[in-house]
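Beneath this line is the structure, given in structure tokens, with notes to follow.
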Amino acid sequence: MKSKIEVKEDNLYVDGNKVIKAYKATNGGHWFATEVACTQDSLINGELFEDDTIYYGLVVGVENEWGNFSKAELEALIPSGQVEEININDLINAGRKDKVLTIQNDGKEIIGTNYFDSEPAKRGFAFLSMNAGCIRLLLPNKVPEFICAAGSSSSYPGDILAEIDTADHVIISRGASSSFHKHDMLEILFEDYSDTPYSIHMSIEQCDVLPRNQDIGYELEFSVWTTAGKRLSKPCYYRTVNNIPCLKPFPEHKRKHH
């Protein structure tokens, strides 16, 4: 399902409906409430929440869906850092650096996005998006500062495309990193069976929807996108690891079949 998120008359709208409450999860999911469906007493993990507000709105995940969701259930996850409430006034501020990133999908294909004009893209940060079982890597035109310091050529992102096009498959690892001082991040390894395969390390904040635990070991599809559209597609495997950087191959015996 395609959904349009836009600012009109100093308000945030999804598919023409005004947003009254918004939340986001650390895995990239979003909830946009457009109306109060009802109030009720909700039993959540054995705890009773009286007069819980049930919102109706858009839930952005692997697929975009309209439906009901519980305010108490979402806000119970705030203390653990799994969910946070979004300040709508910040979102509608056009100058806000981390304003809502939108991607319009047609199955595995991206048919529209504001990513390439976003502040993260202008700063050189890539973005990872998943839809219809396909993981899409969006590469910015700008060379990130840490790559500039290393003396990267000016043909970015073409130089990266040349590097990863030789890969046989892609391995996405998720785990903590003492090196990067992150409790949760990703490594994208482009396995070309060389001693130094190309890799990209990303924070969870650079993703919208991540593969699920039940996807571990199964072959997924991975594609790379630039302002010129889809540039390449490779088979991909997802796993969790104890530490990143991992930079290890994904053995044949750990690969699963549907």
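Once a ≥ b ≥ c are taken as the square roots of the eigenvalues of the Cα gyration tensor of segment 103-254, is the result rounded (a/c under 1.5), prolate (a/b larger than b/c) or oblate (a/b not larger than b/c)? Don't skip to the end; give the middle numbers.
Details: a/c = 1.37, a/b = 1.15, b/c = 1.19.
Rounded is the answer for segment 103-254, as its axis ratio a/c remains below 1.5.
Could you please report the charge total around residue 41, scoring K, R as +1 and D, E as -1 over all other residues with beta-carbon less than 9 angstrom from its beta-carbon?
On the way: positive: none; negative: 50, 51, 52.
Spelling it out: positives minus negatives among the neighbours equals -3.
Volume per residue, Å³, of the convex hull around the alpha-carbon atoms of segment 162-252?
Details: hull volume 10.1 nm³, N = 91.
Roughly 112 Å³ of hull volume per residue.
Tell me the net charge near residue 236. Cut-off is 9 Å between Cβ atoms, residue 236 excluded, with +1 for each Lys or Arg and -1 for each Asp or Glu.
So the surrounding residues net to -1.
Find the eigenvalues of the gyration tensor of the Cα atoms of the chain, then list the square roots of 5 times those eigenvalues as equivalent ellipsoid semi-axes, largest first, in whole angstrom.
For the chain, the ellipsoid semi-axes come out as 34, 22, 17 Å.
Mind scanning 24/71; 4/24; 182/254; 4/71 and naming the pairs with a C-alpha gap bigger than 19 Å? Write out the running numbers ahead of the final one.
Values: 24/71 12 Å; 4/24 17 Å; 182/254 26 Å; 4/71 23 Å.
Exceeds cut-off: 182/254; 4/71.
For segment 175-222, what does the equivalent ellipsoid look like in terms of its semi-axes, each the square root of 5 times an eigenvalue of the Cα gyration tensor, given largest first in whole Å?
Numbers: eigenvalues 70, 62, 19 Å².
One finds semi-axes of 19, 18, 10 Å for segment 175-222.
When you count, for each residue, the other Cβ atoms within 10 Å and take the mean per peptide, how do 45-51, 113-119, 31-37 rank with the highest first?
Details: 45-51: 9.4, 113-119: 16.1, 31-37: 20.1.
Highest to lowest by the protection proxy: 31-37, 113-119, 45-51.
Take segment 5-91, drop everything but the C-alpha atoms, weight them equally and run the Debye formula without solvent; then report log10 I(q)/I(0) at 0.26 Å⁻¹ to two decimals.
So the normalised log intensities work out to -1.39.
Values quoted throughout were computed directly from the atomic coordinates according to the rules given, and no laboratory measurement underlies them. Worth saying up front: this structure is predicted, and the values here are computed from it rather than measured. All Cβ positions, glycine included, derive from the backbone under ideal geometry; neighbour counts span all protein chains shown.
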